Amino acid sequence: MILFFCFIKMEKGDQGKEDSKDRISELTDEILFIILSFLTLKEVANICFLSRRLKILWSHIVALNFDASNTLGELRRNGRLRKKKRTWYINWVNHVLESHKGSTLNEFRVCFDLDWTCRHDIDSWFCFAISKRVRKLELDFEEVAEETWPPGLRSYSLTKSCFNYIRTPQGLSCIGLLDSLCLRFVKVSGEVLEHFLLHCPLLEKLVVEWSKNLVTLNVASSSPLRLRYLEIRSCLALQNLEISAPNLQSFLYYGQKVALHIENAPLLTDVLIGGNLDDEPAFAFCPLSGYLCQLKTLTLEMSAYNMTFPNFPELTNLRHLAVSAYGGYDDDLLVLTSLIDASPSLNKLSLELNIWRFSTYNHAHNMSNVTGKPIPSLKVVEVIGFRGFKIDVDFLAYLIEHGKVMEKITINCCHPSWTGQILEFESIKERERARKHALQLKSKSPSTTEFVII
């Protein structure tokens, strides 16, 4: 896209002084805005010198996405750069906001390693976005260079002045168009979130992650919520979560056991349940019991160590089961068979495995009630992180033996943490070992099943 502008500029220059008009400026505002919408803020800044009208129009763009992925990658590799890079990022955002002349925003996103020490700048960004009647607001302040646990101890906290602003008549009128709110590593209370839910009639997406101040949350409203997507992750202080959302389609919860109450969710079809090693995420299945039969996609993110389930009612409509599991080499994934048995329409099973080379010394699952029932509808199995240990070999062997209509099995022997990285010698040896075990499984699969090993 940048080359397109440069080509126009070069073509103009080649025609000599007789035709030295700014040809980019001859394009209509509509076309220029469409073109600018495909560029990042950095790319827009790089091409503004090509045209006087671009210099004017870019200050009216409606999507401000302050993406700094490359810089965050640098911080992950070298945390000593944090102070320098924070100053650069804050100055960049402030410069753009000072130059912005538009009256509305479709999107405002800031994503960088920032904490409470940057609160004055973040406060001003928040109020700026709200004053522009933003539709999609995302604040993500993950401290990628921080090594303390749990994360978020120094997170930015939405200040009282910001909360007071969105309660004023002007603030209330401005948040009325908000349809997506994502807060990651932002300390925010249930009172603030419920204020948004009550006064944002168009709100369809709410994401809260690593919020240390969130203790209780009531996702409901006196008028029916338009909310379609709700994600709550790693909010360690959360104790009570109540949901009444007639338009809710996707619910994602990752964290410790809480008092969970769900009602009036007739459209719920996509659920994620997960937790850390010491969490017991299976607790969520009881509050969800009235909705399990309508689910089409179920995702589990949990350790094999505590992967225990209640007796499931039949998950009549479940088509896709995705499991992200971690555990010792001798843990047992066969506990998943009870869930597979309860899903007669299951078409696809996705596994992402993070397997350790040591034992968790947990063999309770060895006595799991594996029925050996035929699996009538499963056609596609995808595995990432296959290591060739007991935990994954036994489970895949079970699927191969009992799957009656299996069409394709894909095994990726690359550990999820290795993906996209240059492998060290030890990693290459482990991968080759895993491939040998995958080939042994392939020899046991029916000839009609396509078996792919990566």
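The values are calculated or read from the model by the stated rules, or taken from the named source; none is laboratory data. Quantities reported herein were computed from a predicted structural model and do not represent experimental measurements. We place every Cβ from the backbone using ideal geometry, glycine too, and count neighbours over all the protein chains shown. The protein model used for the area step is the full one, side chains on, heavy atoms only, and it has no ligands, DNA or RNA in it. Shrake-Rupley method; radii C 1.70, N 1.55, O 1.52, S 1.80 Å.
Does Arg357 satisfy the criteria of being open to solvent by 10 Å² or more (accessible area, probe 1.4 Å), basic (Lys, Arg) and modelled with pLDDT under 85? The answer is yes for Arg357.
Yes or no: Cys182 in contact with a helix residue (DSSP H, G or I) (Cβ under 9 Å, 6 or more places away or on another chain), under 20 Å from Leu64 (Cα atoms) and either free of Cβ contacts under 8 Å to residues at least 12 places away in the same chain or open to solvent by less than 40 Å² (accessible area, probe 1.4 Å) (or both)?
No: the conditions fail for Cys182.
Taken over the range 290-300, the criterion of being assigned to a loop (DSSP other than H, G, I, E, B) and open to solvent by less than 30 Å² (accessible area, probe 1.4 Å) is satisfied by Leu295 alone. Candidates are the residues of the range 160-179 that are touching a His at 6+ places or on another chain (Cβ under 9 Å) and surrounded by fewer than 17 Cβ atoms within 10 Å (Cβ to Cβ); the one that is nearest to Asp113 (Cα to Cα) is Phe163.
Here Ala325 fits the description: in contact with a Ser or Thr (Cβ under 8 Å, 6 or more places away or on another chain) and touching a residue at least 12 places away in the same chain (Cβ under 8 Å). Of the residues making up the range 185-225, those that are charged (D, E, K, R), touching a Leu at 6+ places or on another chain (Cβ under 9 Å) and modelled with pLDDT of 95 or more are Lys187, Glu194, Glu204, Lys205, Glu209.
Evaluate the range 301-311: report whether one residue or more is of a type in the set (S, T, N, Q), open to solvent by 10 Å² or more (accessible area, probe 1.4 Å), part of a loop (DSSP other than H, G, I, E, B) and in contact with a Lys or Arg (Cβ under 7 Å, 6 or more places away or on another chain). So far as the range 301-311 goes, no, none of its residues is of a type in the set (S, T, N, Q), open to solvent by 10 Å² or more (accessible area, probe 1.4 Å), part of a loop (DSSP other than H, G, I, E, B) and in contact with a Lys or Arg (Cβ under 7 Å, 6 or more places away or on another chain). Arg154 satisfies every condition listed in (1) open to solvent by 50 Å² or more (accessible area, probe 1.4 Å); (2) assigned to a strand (DSSP E or B); (3) charged (D, E, K, R) except (2). Exactly one residue out of Cys235, Cys200 is under 22 Å from Thr168 (Cβ atoms), crowded, with 22+ Cβ neighbours inside 10 Å and touching a residue at least 12 places away in the same chain (Cβ under 8 Å): that is Cys200. Of all the residues in the range 247-264, those that are modelled with pLDDT of 95 or more, open to solvent by less than 40 Å² (accessible area, probe 1.4 Å) and assigned to a loop (DSSP other than H, G, I, E, B) number 1.
Hey, among the residues in the range 94-120 that are among the polar types (S, T, N, Q) and closer than 17 Å to Lys132 by Cα, which one's most open to solvent (accessible area, probe 1.4 Å)? Filtering the range 94-120 for residues that are among the polar types (S, T, N, Q) and closer than 17 Å to Lys132 by Cα, the one most open to solvent (accessible area, probe 1.4 Å) comes out as Ser103.
Of everything in the range 382-400 that is free of Cβ contacts under 8 Å to residues at least 40 places away in the same chain and surrounded by fewer than 21 Cβ atoms within 10 Å (Cβ to Cβ), the residue that is farthest from Asn412 (Cα to Cα) is Glu382.
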